[in-house]
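Contents: one structure, followed by commentary.
The values are calculated or read from the model by the stated rules, or taken from the named source; none is laboratory data. What you are looking at is a predicted structure, and each value in this text was computed from that prediction instead of being measured. No Cβ is skipped: glycine too gets one built from the backbone with ideal geometry, and neighbour counts run over all protein chains shown. Just the protein is used for accessible areas: all its heavy atoms, side chains included, with ligands, DNA and RNA removed. Shrake-Rupley method; radii C 1.70, N 1.55, O 1.52, S 1.80 Å.
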Amino acid sequence: MKNRILLINLGGPREVAEIEKFLTDLFEDPYVFDLPLPEFLRLPLARWIAKKRAPKVAATYESMGFGGGSPLVAETQKQADAIAKVLNTKTGKTWQAGVTMTCGLPDIRELENELVKPGPTNIILPLYPHFSRSTVLSTAKLIQKKTNRCPAGLPGWVKPFHDSTPYLEAIGDLISDFFRGKLNPDDFLHSDSFGKIDDWENLDLVFSAHGIPLRLIKKGDVYRQEIETNAHNLAEILRRKGFRGNYHVSFQSRVGPSKWTEPNTITMLRSLGQRGVKRIAVYPISFVGDHLETLEEIGQQLKEVAEQSGITEYHRIPAPGIYPKFIDAMATLALNSLQEEKKECICKKRGGYIPSKGECNLR
């Protein structure tokens with residue numbers, strides 16, 4: 001029997017032709033585009049927004065230098081191949097790696113059902129360190145729609161890992177290696193500026209996470225709490241490595257007029273500049289691979305905000321990607337998922353979602 005590991009991410013268009021499908025999948029998802037509207041109104045609105053936004057989004061992707069698309073799918077495939085290689089070594093068995101996306105292509109909806117059922121020889125790894133209704137719950141519900149069973153309580157399903165020791169230690173080492181100029185530039189995108197940072201111990205560190213609408217928090221989503229816990233734990237690890245500066249938590253990528261998690265990273269950078277802070281490093285705490293939100297938003301747009309606010313030294317710390325210690329941590333968590341006894345319905349406990357009768361494996 002084949003051993004497989006399937007990495008799941010939200011997605012990104014690989015080329016211009018895929019942009020509208022990516023946006024349509026994104027806005028059609030009731031856990032992402034979560035509006036208090038009946039479906040017969042929400043779905044047409046979602047499709048209209050996707051079509052309207054496509055040209056603007058296309059211009060942004062064009063500026064990134066990846067042929068008019070996002071590098072996320074290709075970067076996720078690199079991660080999958082690297083994790084499978086480590087699993088081969090750890091287990092003495094051969095592992096096949098696959099990737100799929102909840103928005104855009106390759107489309108999780110088109111996979112054979114057996115490929116999305118977690119089990120002893122089929123590990124499902126959603127690449128989300130933190131729980132959110134818009135990511136983990138959405139992914140679980142897409143799989144449940146295909147298989148008639150929620151995967152989140154089954155062996156082989158890797159739960160959100162923001163508080164796991166292997167992950168925390170790997171990210172602590174990643175940030176420390178970035179500060180010390182020890183990262184291999186070939187492992188990362190847009191890495192030309194990487195190098196040793198003088199007096200890195202005393203700069204300000206901003207943990208920037210993708211924001212979510214406050215209406216999700218009000219439904220019981222623990223995302224903001226998990227981001228804050230993650231940042232605190234990483235700061236403690238970095239202090240053991242010599243970091244003495246201040247750290248801050250903020251949220252980026254807001255879309256639409258509704259209230260989102262705060263403070264917004266733009267507001268945070270302006271505030272720090274007004275307070276006389278001159279040296280900043282930004283780490284994309286909610287992402288594990290570089291793409292639009294890290295390379296363009298953090299790397300360019302937020303850098304401009306920082307410079308306009310009087311900040312004279314600005315560093316974009318990369319997402320972990322195929323950083324070897326991160327890959328090893330993911331392989332360890334993947335194997336641990338086969339042994340871990342699931343005792344809680346994470347959809348209910350972390351997302352405020354109330355499963356229907358017979359829907360949850362842990363009820």
- request: Please give the calculated 222 nm ellipticity per residue for the chain, where each DSSP H segment of at least 4 residues contributes -39500 (n - 2.57) and the sum is spread over every residue; nearest 500 deg cm²/dmol?
  value: -12500 deg cm²/dmol
query: About its Cα centre, what dipole magnitude does the chain give when the only charges are +1 on Lys and Arg Cβ and -1 on Asp and Glu Cβ, stated in debye to the nearest 20?
result: 1200
- request: Could you pull the Rg and Dmax for the stretch 271-360, using just the Cα atoms, both in Å?
  value: 19.6, 57
statement: Taking the reciprocal of mean 1/r across every pair of different Cα atoms in the stretch 165-316, the Kirkwood radius in Å is 15.9
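Quick one: putting +1 on the C-beta of Lys and Arg, -1 on the C-beta of Asp and Glu, what dipole do you get for the stretch 165-298 around its Cα centre, in Debye to the nearest 20?
Roughly 680 debye, rounded to the nearest 20.
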- request: Report, as a whole number in µm² per second, the diffusion coefficient that Stokes-Einstein gives for the chain at 10 °C and 1.306 mPa s using the Kirkwood radius over alpha carbon pairs.
  value: 76
- prompt: Under a Cβ-Cβ cut-off of 10 Å, what is the net charge of the residues other than Gly245 that fall near it, where Lys and Arg count +1 and Asp and Glu count -1?
  reply: 0
Cα radius of gyration and Dmax for the stretch 98-212 (Å): 18.1, 55
task: Considering the options Ile311, Ile354, Leu333, tell which one lies farthest towards the positive end of the dipole of the stretch 271-363, charges being +1 on Lys and Arg and -1 on Asp and Glu at the Cβ, about the Cα centre.
output: Ile354
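Can you give the accessible area per residue of the chain, in Å², using a 1.4 Å probe?
Value returned for the chain: 44 Å² of accessible area per residue.
The stretch 17-172: percent of C-alpha pairs farther apart than 26 Å?
36
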field: Surface share of carbon and sulfur [accessible, 1.4 angstrom probe, percent] for the chain
entry: 50
- request: Would you mind telling me which residue in Ile322, Ile49, Ile123 has the biggest mean-square fluctuation in a Gaussian network model of the chain, where springs connect alpha carbons within a distance under 10 angstrom?
  value: Ile49
- line: If exposed means GluC sites (Glu not before Pro) lying in a DSSP loop and surrounded by at most 10 other beta carbons within 10 Å, then the longest stretch of the chain lacking such sites spans residues 113-340
query: So for the chain, taking the charge dipole from beta-carbon charges (+1 Lys/Arg, -1 Asp/Glu), which of Asn246, Thr139, Ile8 sits furthest toward the positive end?
result: Thr139
- line: Percent antiparallel among DSSP beta bridges confined to the chain, nearest 5, equals 5
Hull shadow area, averaged, the stretch 310-363 [alpha-carbon convex hull, nm²]: 7.3
statement: Taking the square root of 5λ for each eigenvalue of the C-alpha gyration tensor of the stretch 229-326, the equivalent ellipsoid has semi-axes, largest first and in whole angstrom, of 21, 18, 14
